[in-house]
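K.L.:
Quick one: structure below, then a few questions.
Just so it is clear, none of the values below were taken in a lab; they were calculated from the coordinates. Every value quoted in this text rests on a predicted model; they were computed, and no experiment measured them. All Cβ positions, glycine included, derive from the backbone under ideal geometry; neighbour counts span all protein chains shown.
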Amino acid sequence: MQVIGTAGHVDHGKSTLVQRLTGMDPDRFAEEKRRGLTIDLGFAWFALPSGNEVGVVDVPGHERFVRNMLAGAGGVTVCLFVVAANEGWKPQSTEHLAIIDVLGVSSGVVVLTKSDLVDHPTLAHVEVDVRARLSESLLANAPIVACSAATGAGIPELVETLDSIVNTTPAPVDSDRPRLWVDRVFTISGAGTVVTGTSTGGTFAVGDAVELAPEGRSARIRAIQSHKKQVDSIGPGNRVALNLAGLERRGAKRGDAVVRPGSWVPARLIDVELHVIPHLRTGEDLIIGDKGSPLLYAGSAEMPMKLKLLGADRVRSGESAFAQLRLQDPLPLTRDDRFVLRDAGRVLTIGGGRVLDPMATPTSKRDPLRLDLLAALASDDAAALDAYVATIGLLRSDGVEAQLNLDPTGFDIPRIGPWLVTHERLDELLEGMRHELSAYHETHRLERGMAREALRARLAIEPEVLEGLLERADDVEQDDGYVRLSSHRVGLSDEERAQRDEIIGILRRARFEPPPTRELGTDAALLRALSDEGAIVRIGDFYLAADVADAAKKLVAGLIRSVGPATVAQIRDRLGTSRKYAVPLCEWLDAIGVTHRRGDVRILGPHAPD
């Protein structure tokens, strides 16, 4: 669904036109009706001939209420730009058009209202003038329709034109990250707090847990209403009223954003692409430098901030530049979110633009790497993704959706588990892993490999990243928690082979009462190597020769088959050893499945030998 927003100078008939189209009076307040002047946002809706139902946000036209106009413009996708035929282009026409441009609204219809008050030559002259003033804007090619809300003349043509525009405007994107900028809050007796706004980014459903950013106040959606109809869920591009349970009185305000917990990280430092517009009253150039503290308007929020230009000392009207904005309070923003800047002192719109990096880090004014990254973020999605991942090194795919507002699926970029990585960084990680393993083998030639966790710590990577590297590396093997190069072989020297034979001989002669490990007269590395190759078996704090260990399996299995469940004492006597050795031997037999402990006795396990 689409949301239509009005724009135009005060008293050019925006609210009257909305009432004619929808049958609803968008002016909600007695003061508005008394003064004949829209002060705050008004809301209505109607069905188009195609059957599409659209919401309408009617905004105030007076310059004193531009901040209210901005609060309602955030979710608008189609503009109904109004110019009164009997007055022509006016100052607020210029400001509203500039705001529409910086908000990136490119779909719309230009309406020449009050056409019944002028003759045809005058109407034609106004149309030519309006078309000329639109020539450098996003509405340059928008259709122009003349009508009269008073007589109804031209209204059918306007409705048909709107229907065509709405049907050709891309549907709002559902990125599964719902967000609703609150533009109105009220309380219903017995029901609690209700917030309204335009839903974007995803779907809200009754029963959903939500939070109000940036403070993080928790709530639950008790009910959802759209166009006065109760619904169970609502997708992006709709005017919505959410009845929130769990909020204290006055727990929400205009400028809050209703979001899904954990899906948004409110940001205080953001990098943006900024465009400066001419002085709206004098037409003179505006110059913005680093010392300004304009107000930022994003969604329905109004936020004081500090501005630092990046790569430039100043930017003039008609020019664009990168900038870093430090917000007074964090806001839940994402790449391509639009914003407007106003000079609070002069009550003047000075420009706006779009968010490039909502999770920016402090940077120097002329950092070439940062400027290159921002240039990529300002271009297409593929360039943005490549540049961002290259800068970060490794980036979780869900982080891409949160920070870059794009789905990484389908892009030519490697994945390691949930992580995205450039081809160059992937090669570096693989080569680094091979280097660490090679160095380890060189200094630990008797060991079968490097402990997996030790390798991960040396590479300083997440477990999922190591798993992905191991899956990609054909020349690396792993087993039992150890990792090695496929080419690695444990090689014994002549002296070590002699020690090997001596150790095995000692253990064979000792049978089931082997000497302590320290009395075997060799280092631990050689014992581990002999264990890895299967020549000896470690049992608790001692070793058995492999053939002696096999004999223990057969003797104990034979005992149980002949006498039934056997105690430790019976197993001790069958092996001709002491309890000191019998207990760890029984535990080892349990561990490998030869036996199974049941109370104080052992029975045959699934891997008992015949």
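K.L.:
Roughly what would the spin-label model give for T409 and T187, points 7 Å off Cα along C-beta, in nm?
P.N.:
Roughly 4.4 nm, to one decimal.
K.L.:
For the chain, how many pairs of lysine residues have a Cα-Cα distance under 17 Å, where the two are 8 or more positions apart or belong to different chains?
P.N.:
So the count works out to 9.
K.L.:
Where in the chain is the longest stretch that carries no GluC sites (Glu not before Pro) classed as loop by DSSP and with at most 12 other Cβ atoms within 10 Å?
P.N.:
On the way: sites that count: E136, E248, E284.
Result, exposed sites excluded: 285-610.
K.L.:
Let me ask something additional. Based on the Cβ-Cβ distance from S137 to R346, what FRET efficiency comes out when R0 is 22 Å, to the nearest 0.05? Show your work: numbers first, answer last.
P.N.:
Working: r = 23 Å, r/R0 = 1.03.
Taking R0 as 22 Å, the efficiency between S137 and R346 is 0.45.
K.L.:
Taking 35 Å as R0, compute the FRET efficiency from the Cβ-Cβ separation of D547 and D479 and round it to 0.05. It would help to have the intermediate numbers written out before the result.
P.N.:
Values: r = 23 Å, r/R0 = 0.67.
Computed FRET efficiency for D547 and D479 comes out at 0.90.
K.L.:
Right, here's the next one. Taking the alpha carbon gyration tensor of the stretch 494-604, what are the square roots of 5 times its eigenvalues, largest first, to the nearest whole Å?
P.N.:
Values: eigenvalues 156, 30, 27 Å².
They are 28, 12, 12 Å, listed from largest to smallest.
K.L.:
Moving on to the next point. Counting just the Cα atoms, what span does the stretch 267-378 cover along each of its three principal axes? Round to the nearest Å and put the largest first.
P.N.:
Ordered largest first, the stretch 267-378 gives principal extents of 38, 28, 22 Å.
K.L.:
Could you give the size of the charge dipole of the stretch 258-319 about its Cα centre, using +1 on the Cβ of each K and R and -1 on the Cβ of each D and E, expressed in debye and rounded to the nearest 20?
P.N.:
Numbers: 8 positive and 8 negative charges, 53 e Å.
Using only the charged Cβ atoms, the result is roughly 260 debye.
K.L.:
Subtracting the Cα-Cα distance from 0.36 nm times the residue separation, let me have the gained length for A150 to A439 in nm, one decimal. Intermediate results must be reported in sequence, preceding the final value.
P.N.:
Values: separation 289, 0.36 × 289 = 104.04 nm, distance 8.60 nm.
Using 0.36 nm per residue and subtracting the Cα-Cα distance, I get 95.4 nm.
K.L.:
If amide hydrogens are placed 1.01 Å from N in the peptide plane, which non-local residues have theirs closer than 5 Å to the one on G351?
P.N.:
For G351, whose amide H was placed from the backbone, the distant partners under 5 Å are I277, L341.
K.L.:
Treating each Cα of the chain as an identical point scatterer and ignoring solvent, apply the Debye formula and state log10 I(q)/I(0) at q = 0.05, 0.09 Å⁻¹.
P.N.:
Taken in order of the listed q values, log10 I(q)/I(0) reads -0.41, -0.79.
K.L.:
At 7 Å along the Cα-to-beta-carbon direction for both D329 and R538, put a label point, then send me their distance in nm to one decimal.
P.N.:
For D329 paired with R538, the spin-label model returns 5.9 nm.
K.L.:
Please arrange H9, H227, H435 by counting, for each residue, the other beta carbons lying within 10 Å of its beta carbon, fewest first.
P.N.:
Numbers: H9 23, H227 18, H435 12.
Fewest-to-most Cβ neighbours within 10 Å comes out as H435, H227, H9.
K.L.:
Placing +1 at every Lys and Arg Cβ and -1 at every Asp and Glu Cβ, with all other atoms neutral, what dipole size does the stretch 222-297 have around its Cα centre, in debye to the nearest 20? Mind dumping the intermediate values first?
P.N.:
Values: 12 positive and 8 negative charges, 144 e Å.
My answer is approximately 700 debye.
K.L.:
Counting only helical runs of four or more DSSP H residues, what would the 222 nm mean residue ellipticity of the chain come to if each run contributes -39,500 (n - 2.57) and the total is spread over all its residues?
P.N.:
On the way: 17 runs with 198 residues, N = 610.
Here the helix-only value at 222 nm equals -10000 deg cm²/dmol.
K.L.:
Give me the net charge for the shell around G292: Cβ to Cβ below 9 angstrom, other residues only, Lys and Arg +1, Asp and Glu -1.
P.N.:
Here the charged neighbours net out to 0.
K.L.:
In addition: Which percent of the Cα-Cα distances in the stretch 499-562 go past 21 Å?
P.N.:
Working: 415 of 2016 pairs.
Result for the distance tail: 21 percent.
K.L.:
In nm, what is the difference between 0.36 nm times the number of residues separating E53 and Q230 and their Cα-Cα distance?
P.N.:
Numbers: separation 177, 0.36 × 177 = 63.72 nm, distance 1.52 nm.
Length gained between E53 and Q230: 62.2 nm.
K.L.:
Angle, helix 381-392 long axis vs. longest principal axis of the chain, Cα atoms, 0 to 90°, nearest 10?
P.N.:
Result, in degrees: 50.
K.L.:
List the chymotrypsin sites (Phe, Trp or Tyr not before Pro) in the stretch 496-586 that DSSP assigns to loop (not H, G, I, E or B) and whose Cβ has at most 15 other Cβ atoms within 10 Å. Which are they? Intermediate results must be reported in sequence, preceding the final value.
P.N.:
Details: sites: F512, F542, Y543, Y581; in loops: F512.
Sites meeting the loop and neighbour criteria: none at all.
K.L.:
What full-extension length gain, to one decimal in nm, is calculated for T203 and D427 as 0.36 nm per residue of separation minus the Cα-Cα distance? Each step should come with its number before you reach the end.
P.N.:
Values: separation 224, 0.36 × 224 = 80.64 nm, distance 3.95 nm.
My answer for the length gained is 76.7 nm.
K.L.:
Follow-up question, since we're still on this one. Sort K553, K229, K253, K14 by Cβ crowding within 10 Å, fewest neighbours at the top.
P.N.:
On the way: K553 18, K229 9, K253 13, K14 30.
Ranking K553, K229, K253, K14 by Cβ neighbours within 10 Å, fewest first, gives K229, K253, K553, K14.
K.L.:
Sticking with this structure for a sec: Hey, fewest Cβ within 10 Å first, where do D573, D412, D343, D183 land in order?
P.N.:
Ranking D573, D412, D343, D183 by Cβ neighbours within 10 Å, fewest first, gives D412, D573, D343, D183.
K.L.:
With Kirkwood's inverse mean 1/r over C-alpha pairs for Rh, give me the Rg to Rh ratio of the stretch 230-295, two decimals please.
P.N.:
Numbers: Rg = 19.2 Å, Rh = 17.2 Å.
Looking at the stretch 230-295, the ratio lands at 1.12.
K.L.:
Using the crude model of +1 on Lys and Arg Cβ and -1 on Asp and Glu Cβ, and no other charge, please compute the dipole size for the chain relative to its Cα centre, in debye to 20.
P.N.:
Numbers: 72 positive and 86 negative charges, 449 e Å.
Dipole size: approximately 2160 debye.
K.L.:
Net charge near P515, counting Lys/Arg +1 and Asp/Glu -1 over other residues with Cβ under 15 Å of its Cβ? Spell out each step's value before the answer.
P.N.:
On the way: positive: R508, R509, R511, R518, R538, K580; negative: E502, E513, E519, D541.
Residues close to P515 contribute a combined charge of +2.
K.L.:
Describe numerically, in nm with one decimal, the distance between label points set 7 Å from Cα along Cα→Cβ at S379 and at D501.
P.N.:
Between S379 and D501, the label points sit 7.0 nm apart.
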